[in-house]
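See below for the structure under consideration.
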Amino acid sequence: MTAERARDLLAKISGVTVGDEGTPVVAHVPVEQWQGVAQFAKDTLGCGFFSFSTAIDWKADGLEVIAWVDNLDANVSVQLRTKLGAGNTACPSLVSVYLGADWMERECYDMFGVQFTGHPDLRRILLADDWEGHPLLKSYAVDTPHPPYR
Amino acid sequence: MEIKPPVPQIPAPVWKDIKDLQEWQTRHQRRPESGDKHSALFEQVTEGIHAFPGGFAVTTVADGFLNWARKSSVWPVSFGLACCAIEMMATFASRFDVERLGMVPWASPRHSDLMIVSGTVTIKMAPMLKRIYDQMPDPKWAVSMGSCANSGGPFRHGYHVVKGVDRVIPVDVYVPGCPPPPESLLNGLLLLQEQISHFRRTGHRADPTPKVD
């Protein structure tokens, strides 16, 4: 498996658009195919290692969830991206495909408020349980008072 | 030769106009008005001796002795929060060796007099810090070590950091630096000892005289 081969295979899936040449292989995936493409990356592309998951807040365009998976034997990295759309925070969970996605998606929920459907234990991981808001969203005011200590 | 002032001239800061200092004025914790908890019997006895003609000589000598004893056995609780704790450990270790000042890092808040808050205090950590501080017996002191503990430091405008540990517990000495080298902390601890040596009879704290290097 090489990066070019992975890009060709990903491009053949309907709905998926791949990015420019070079590493990592970037695949823009519709939300409905999120789990399916991740399963494809694991089984066919041999990406057995879930590196990390995060999100980007595109303000009016909504959130974009990113998952980075690696094929450690062939040194191929695949970056899966999906746009959730404006106002939508629901995203299918990848825990059924990659067990390592569990805590990463909890962190993503903690910081961005992405609701991962199908996640076994979706609660905050870093911030306290009574925290209000999701601090890495661009709508979050930095100096939000947090009584009693600030 | 004529020396010209630099152009443009930077106006001197008006300290009371600085927003962060205003916040500090309103938000920082002070020690309770009632003072430290101590034995009522001890207070009665010392007040009695002090009121007796010539008794002030006894209390003054006793004060001198007690203050010397107090400041020579300040035990800091082993409490490290972030990278400042590395410098704190260096201060405790053989090269700088605060043990010669009578400071033994102690692993129990119930036997300690001093808390060195070394590092960033997050909002999640603040209740635990307050709990440990409350477990220490009176009289107790707190040293805020490093920019983060003083004011929030580089994380002041972040979302999860307490803007200075003085919003949680009253602080006696602020040690600046990021992180402060062991010499700075040592200087802060010596300033603290200076403060401690001004305790008055029955353990009333004297007003600290601010010292700035």
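The values are calculated or read from the model by the stated rules, or taken from the named source; none is laboratory data. These numbers were taken from a predicted model, which means no experiment stands behind them. We place every Cβ from the backbone using ideal geometry, glycine too, and count neighbours over all the protein chains shown.
Name the residue that is nearest to the other protein chains (Cβ to nearest Cβ), counting only residues in segment B:117-156 that are hydrophobic (A, V, I, L, M, F, W, C) and in a strand (DSSP E or B).
Of segment B:117-156, the ones hydrophobic (A, V, I, L, M, F, W, C) are B:117, B:121, B:123, B:125-126, B:128-129, B:132, B:136, B:141-143, B:145, B:148-149, B:155.
Filter once more, keeping what is in a strand (DSSP E or B): B:117, B:141-143, B:145.
Numbers: B:VAL117: 13, B:TRP141: 20, B:ALA142: 15, B:VAL143: 19, B:MET145: 18 Å.
Among them, the one singled out is B:VAL117.
Where residues in segment B:67-112 are of a type in the set (A, V, I, L, M) and out of contact with any helix residue (DSSP H, G or I) (no Cβ under 8 Å at 6 or more places or on another chain), which of them is farthest from B:VAL161 (Cα to Cα)? Break it down stepwise before answering.
Filtering segment B:67-112 down to residues of a type in the set (A, V, I, L, M) leaves B:69, B:74, B:77, B:81-82, B:85-86, B:88-90, B:93, B:98, B:101, B:103-104, B:107.
When the remaining residues are screened for being out of contact with any helix residue (DSSP H, G or I) (no Cβ under 8 Å at 6 or more places or on another chain), the result is B:69, B:85-86, B:89, B:93, B:104, B:107.
Working: B:ALA69: 37, B:ALA85: 17, B:ILE86: 20, B:MET89: 23, B:ALA93: 29, B:VAL104: 29, B:ALA107: 25 Å.
By that ranking, first place goes to B:ALA69.
Being modelled with pLDDT of 85 or more and exposed (fewer than 13 other Cβ atoms within 10 Å of the Cβ) is the requirement here; does B:ARG100 meet it? Yes. Within the set A:THR54, A:THR23, A:THR44, the sole residue that is of a type in the set (Ser, Thr, Tyr) and within 18 Å of A:LEU136 (Cβ to Cβ) turns out to be A:THR54.
So that you can scan it fast, the table gives a plain yes or no per residue for (1) within 14 Å of chain B (Cβ to nearest Cβ); (2) at pLDDT 90 or above; (3) within 22 Å of B:GLY152 (Cβ to Cβ); (4) buried (at least 18 other Cβ atoms within 10 Å of the Cβ):
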{"residue": "A:ILE66", "(1), (2), (3), (4)": "no, yes, no, no"}
{"residue": "A:ILE125", "(1), (2), (3), (4)": "yes, yes, no, no"}
{"residue": "A:PRO147", "(1), (2), (3), (4)": "yes, no, yes, no"}
{"residue": "A:ARG150", "(1), (2), (3), (4)": "yes, no, yes, yes"}
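Every listed requirement among (1) within 14 Å of chain A (Cβ to nearest Cβ); (2) part of a loop (DSSP other than H, G, I, E, B); (3) touching a residue at least 40 places away in the same chain (Cβ under 8 Å); (4) more than 30 Å from B:GLY64 (Cα to Cα) is met by B:TYR159 save one, (3). The residues on offer are B:SER78, B:SER34, and the sole one that is among the hydroxyl-bearing types (Ser, Thr, Tyr), surrounded by 14 or more Cβ atoms within 10 Å (Cβ to Cβ) and within 22 Å of B:ILE169 (Cα to Cα) is B:SER78.
From A:HIS134, A:HIS119, grab the single residue that is within 14 Å of another protein chain (Cβ to nearest Cβ) and surrounded by 18 or more Cβ atoms within 10 Å (Cβ to Cβ). Talk me through it step by step, then tell me what you get.
Numbers: A:HIS119 fails: within 14 Å of another protein chain (Cβ to nearest Cβ).
Sole residue among the options that is within 14 Å of another protein chain (Cβ to nearest Cβ) and surrounded by 18 or more Cβ atoms within 10 Å (Cβ to Cβ): A:HIS134.
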